[in-house]
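Worksheet: the structure to be examined is printed underneath.
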Amino acid sequence: MKKFLSYFFTFTLLSFAQEEASKKSNEATDQPEKPQFVIEIEALTQEQKKDYFTYYHEAERFFQQRRIFECLESIHALHKIYDKNPASLNLQGACYVEFRDFKKARKTFNKALSITPGNFNINFNLAEIDFVSGEFKSALGKLQNLKKDIEGNARFRTVIPLVDFKILLCHLKANNEKEARKILEEVDFLDDSPLFYFGNAALDYYADRGSEAETWLARAKRIFQDDDILPSWQDTLIEFGYIKSFYGGDLEVDIPSPTGE
């Protein structure tokens with residue numbers, strides 16, 4: 001099975017419940033309302049809840065271990081008990097993406113979205129499906145709408161640069177280099193995300209300057225040494241076709257000597 005290399009959101013039941021509750025907060029009492037799916041899960045019998053959460057945590061663990069078949073088996077088992085939890089549906093959709101079954105993934109994400117309208121995580125996943133399946137015009141529209149929704153929200157501070165990067169790549173796919181360059185006008189090498197480096201690398205790849213692009217990627221690798229930062233950026237370029245797939249989570253580019261930037 002091909003490892004899925006792009007960036008999808010998978011969140012726990014609690015994450016979804018907290019996001020929904022925050023959107024439905026009662027202004028008068030400032031007490032968040034429980035989402036309907038949480039109320040329905042709480043109404044299950046003690047035995048049902050025990051089995052439900054056992055399957056749920058198994059599914060999460062299997063997904064993290066890349067045991068996708070077993071993850072789906074656990075999800076199917078918990079859905080026999082309750083099947084309207086957007087978090088489990090989101091996880092199921094991510095499993096379908098692993099198999100490149102984008103039709104099933106879209107259907108599942110849309111079902112989750114019908115339960116939690118406007119949920120950023122699910123909307124991002126739907127935009128990501130368009131991106132990785134080459135539907136760049138559709139992906140661009142969705143990503144731009146997402147950017148408007150989260151701009152200025154501190155909660156999404158680390159996500160916004162990646163959204164910008166995907167927007168930049170969509171512009172390049174449409175041969176709109178001018179719009180792509182506008183995105184980089186807002187950042188520089190002092191920024192706390194890899195956008196400046198990966199954005200310039202993408203522009204160089206677009207102009208068939210492969211060696212210059214690899215220099216930008218090598219600089220990013222040297223500066224952002226946290227193992228949790230670069231993989232989603234690297235995987236985005238892989239999905240886009242600018243760099244080859246690799247194993248072990250490392251880019252096969254030479255690191256040049258410092259350039260004095």
I'd like to check something: does the stretch 181-196 contain any residue that is closer than 16 Å to SER232 by Cα and surrounded by fewer than 20 Cβ atoms within 10 Å (Cβ to Cβ)? yes
If a residue has to be surrounded by fewer than 20 Cβ atoms within 10 Å (Cβ to Cβ) and not charged (D, E, K, R) to count, how many in the stretch 85-105 make the cut? 2
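Every residue, every condition in (1) within 24 Å of PHE196 (Cβ to Cβ); (2) among the basic types (Lys, Arg); (3) without any contact (Cβ under 8 Å) to a residue 60 or more places away in the chain; (4) in contact with a Lys or Arg (Cβ under 9 Å, 6 or more places away or on another chain), yes or no:
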position: ARG106; (1), (2), (3), (4): no, yes, yes, no
position: PHE124; (1), (2), (3), (4): yes, no, no, yes
position: ASP130; (1), (2), (3), (4): no, no, yes, yes
position: GLU135; (1), (2), (3), (4): no, no, yes, no
position: GLY141; (1), (2), (3), (4): no, no, yes, no
position: GLU151; (1), (2), (3), (4): yes, no, yes, no
position: ARG155; (1), (2), (3), (4): yes, yes, yes, no
Restricting to the stretch 69-84, name every residue that is outside any helix (DSSP H, G or I) and either buried (at least 23 other Cβ atoms within 10 Å of the Cβ) or charged (D, E, K, R) (or both). LYS80, ASP83, LYS84
Right, THR108: more than 19 Å from GLU239 (Cβ to Cβ) and crowded, with 20+ Cβ neighbours inside 10 Å or not? yes
Answer with yes or no whether GLY210 is free of Cβ contacts under 8 Å to residues at least 24 places away in the same chain, at negative phi, out of contact with any strand residue (DSSP E or B) (no Cβ under 8 Å at 6 or more places or on another chain) and not assigned by TED's automatic domain parsing to the domain that holds PRO117. yes
Please work out which residue is modelled with the lowest pLDDT, limiting yourself to the stretch 206-261 and to residues that are under 22 Å from ALA139 (Cβ atoms) and β-branched (Val, Ile, Thr). ILE243
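The values are calculated or read from the model by the stated rules, or taken from the named source; none is laboratory data. Predicted model only: the values in this text are computed from it and were never measured. Here the Cβ is made from the backbone with ideal geometry for all residues, glycine too, and neighbour counts use every protein chain on show.
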